[in-house]
Amino acid sequence: MKLPLLILLMAYVLTQVVDYALEILNLRYLRKYGQMEPEEFAGLIDADLLRRTEQYTMAHTRLGIVDDLCSEAATLIFIFSGLLFWYAGIVGQWQWPFVLSGLAFFLILELVRALLDVPFDLFNTFRLEKRFGFNRMTPRIWLADQLKSRLLSMIISGLLLGGALWLYAVLPQWWWLAVWAFYLFFSVFMMYLAPYVLEPLFNKFTPIEDDALVERVAAVLARAGIKVKGVFKMDASRRTSHTNAYFTGIGREKRIVLYDTLLQKLDTDEIVAVLAHEAGHCRHRHIIKMLLLFETGALMGAYLAFVFLGGDWLARLFGFPAGNLFTRVVLLGFAAAVVTWPLSPLFNWLSRRFEREADAFACEMVGDGGALASALVKLSKDNLSNLHPHPCYAAFHYSHPPVIERIRYLQAWRRPPAAGEAITK
């Protein structure tokens, strides 16, 4: 085995060991502290709920570990057993045009990966989520969702892959820049399109009927200087009892969406505070900042792909025959996953920073942090959120600050005098 490949495989093993070690560390931390009632939840949570929360977290973690192990094993077997080049040879024998061959090669792989995930999704939905009282999805709805999501995924992937392969063929020296620009345009276009075409395929969206709530939300958004197309209720209860709220769309097409389960469980003040938090993301342009950061990295990655996919050295690194572009892309994807692994905790750190900014903005808009803290307590209880994550695990995997940390900040928040004067004017 060549030294560069040995180093790559050792790095891959190291990333997997760290990931699983963090999962185990988090579970042990939960076993030790999971039955402790946090001060912020005093009188609001009992021993039975703490026990169910611990069991729910452990069950999800164990299922995730098994899912990841199977996925990683399938990837390693596919690449290093010779299946990759056998499969590429089968597709090559069809003697289809370049773009069509590439579509077949990658879309079949995508379909196989989706089929491998089906047993885990079934177990999660109809055993794990049902066991803890969250699942409300019937087999018919699950099957319809699967068919629609798979068909939609194949269509979108086909458009992206077909466009990328065509650009590769017609712009051999500049395809990396053209593909990056094409993907950027497509991503922004989908942000505009999603609220009107994609999301309604799975859920029903109706205007909020509570006029008082809509009026208060409009007042908060007006103070924040944010314009939206409307505030909508989503029929999430057809599938789950989990709660959530989010902004969707971009530019003038932004919309606020509330799960109907959230409307049932929070009072008006808490709902307004949650939406003020979401408005904070919009006001601070967090989505745009993340998009710019991601696209900058994508541009660098596209150029590096142009360099690494040229020639046969990537295949030789793995000790394989030269192969074709499609096999080299798979090998590059494996290597890139190892090299970019450290970026995940960095993005999560930035996301947590954005969440803190959004919390502060919500406090400024509604005047204090009490309502948002109360909402977080209810949402954590209803969703059986882990109240005791290990700090190292949270640092690597949490896109939001741990809920106890957020509640402490919100409860201690005091309006700065200058900010208070500016808001009251």
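Over 27 Å between Cα atoms, which of Lys32/Lys289; Lys289/Lys378; Lys32/Lys381 qualify? From Lys32/Lys289; Lys289/Lys378; Lys32/Lys381, over 27 Å: Lys32/Lys289; Lys289/Lys378. Taken over the chain, the ratio of Cα radius of gyration to 2.2 N^0.38 Å equals 1.10.
Exposure proxy check: Trp176, Trp86, Trp166 ranked by fewest other beta carbons within 10 Å?
Trp86, Trp166, Trp176
For segment 1-144, the equivalent ellipsoid derived from the alpha-carbon gyration tensor has semi-axes of 41, 24, 10 Å in decreasing order. With all pairs of different C-alpha atoms in the average, the Kirkwood value for the hydrodynamic radius of segment 91-250 is 19.4 Å.
Express as a percent, rounded to the nearest 5, the fraction of DSSP beta bridges in the chain (both residues included) that run antiparallel.
If we restrict to bridges inside the chain, about 65 percent are antiparallel.
Rounded to the nearest angstrom and listed largest first, the equivalent-ellipsoid semi-axes of segment 72-151 from its Cα gyration tensor are 34, 17, 6. Please compute the Cα-Cα pair-distance distribution of segment 165-254 with 10 Å bins starting at 0, giving whole percents from short to long. Per 10 Å bin, starting at 0, the Cα pair percentages come out as 14, 32, 26, 15, 11, 2. Each Lys and Arg adds +1 at its Cβ and each Asp and Glu adds -1 at its Cβ; summed about the Cα centre, segment 66-175 shows a dipole of about 400 debye.
As a proxy for reagent exposure, ranking Trp175, Trp96 by other Cβ atoms within 10 Å from fewest up yields Trp96, Trp175. A dipole drawn for the chain from +1 and -1 charges on Cβ atoms has a positive end, and of Phe80, Ile24, Leu100 the residue lying farthest that way is Leu100. Dipole size of the chain about its Cα centre, with +1 on Lys/Arg Cβ and -1 on Asp/Glu Cβ: approximately 380 debye, rounded to the nearest 20. The helix-only estimate of mean residue ellipticity at 222 nm for the chain, built from DSSP H runs of length n ≥ 4 each weighted as -39500 (n - 2.57), is -23500 deg cm²/dmol after division by the residue total. For the chain, complete DSSP H runs whose alpha carbons reach 30 Å or more along their own long axis and whose mean Kyte-Doolittle score is -1.0 or higher are 3-33, 47-80, 98-123, 139-170, 286-309, 343-366. Relative contact order (percent) for the chain, with alpha-carbon contacts under 8 angstrom and 6 or more residues of separation? Once normalised by length, the contact order is 20 percent. Binned at 10 Å from 0, what are the whole-percent values of the Cα-Cα distance distribution for segment 207-248, short to long? It works out to 23, 51, 23, 3, in whole percents.
Read the figures in this text as sums done on the coordinates, not as results from a lab. Please read all numbers here as calculations on a predicted model, not as lab measurements. Positions of Cβ are generated from backbone atoms using ideal geometry, with glycine treated the same way; all protein chains shown enter the neighbour counts.
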